[in-house]
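Just below is one structure, and these are the notes that go with it.
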Amino acid sequence: MIPETGVTGGTSRDWLRRLAREEQAPFFSFTALVDVLFLMIIFLVLGANFDTMDTVRLPRARGGTPEATVEALRVELRADGTRWARGRRLPDDPQALLAELKALAPAAVLLLPDEGARVGEMFSLHDVLSGGLGVPVQVGVRDPGQD
């Protein structure tokens, strides 16, 4: 007899082989789970108090006028690789580009690549602008109707 099994005859290997052949799908009864969930829902609904609601009075905001919005300088990167700002073509040389953009004194820069612009050029332009201007540089999406 194999210990703890009650099976007589054969070795433990025979018993393991027989168990491997008799694969049974695990069975789980959801009845108890549904009963417990149903009782919890009843308990929570009956225990809830819907009559009283406390309100909290928050202090009123005090201060001056809201901060003025910062208008970002829009730098366009076109599909042909040219760079434009305020209707003017910008130089290709990074030092000349930074000098011209610093003269415009932007508070922030919005980089707007065309749909056909190269991704590598966009990232290199972003690195040049963010490292050389000292202002926030963000990448945006051009309006499809904008030329």
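Looking at region 73-139, send over the antiparallel percent of its DSSP beta bridges, to the nearest 5. Can you show the working numbers first?
Details: 6 of 14 bridges.
Here the antiparallel bridges make up roughly 45 percent for region 73-139.
Relative to the current alpha-carbon distance between residue 29 and residue 82, full extension at 0.36 nm per residue lengthens the span by 12.2 nm. The simple spin-label model puts a point 7 Å past each Cα toward its Cβ; for residue 92 and residue 37 those points are separated by 6.6 nm. Note on residue 102 and residue 74: their simple-model spin labels are 2.6 nm apart, each label 7 Å out from Cα toward Cβ. Computed from the Cβ-Cβ distance with R0 of 30 Å, the FRET efficiency linking residue 110 to residue 57 stands at 0.15.
Bear in mind that the values in this text are calculations on the coordinates, not laboratory data. All values reported here derive from a predicted model rather than from experimental measurement. Neighbour counts run over all protein chains shown; Cβ positions are idealised from the backbone, glycine included.
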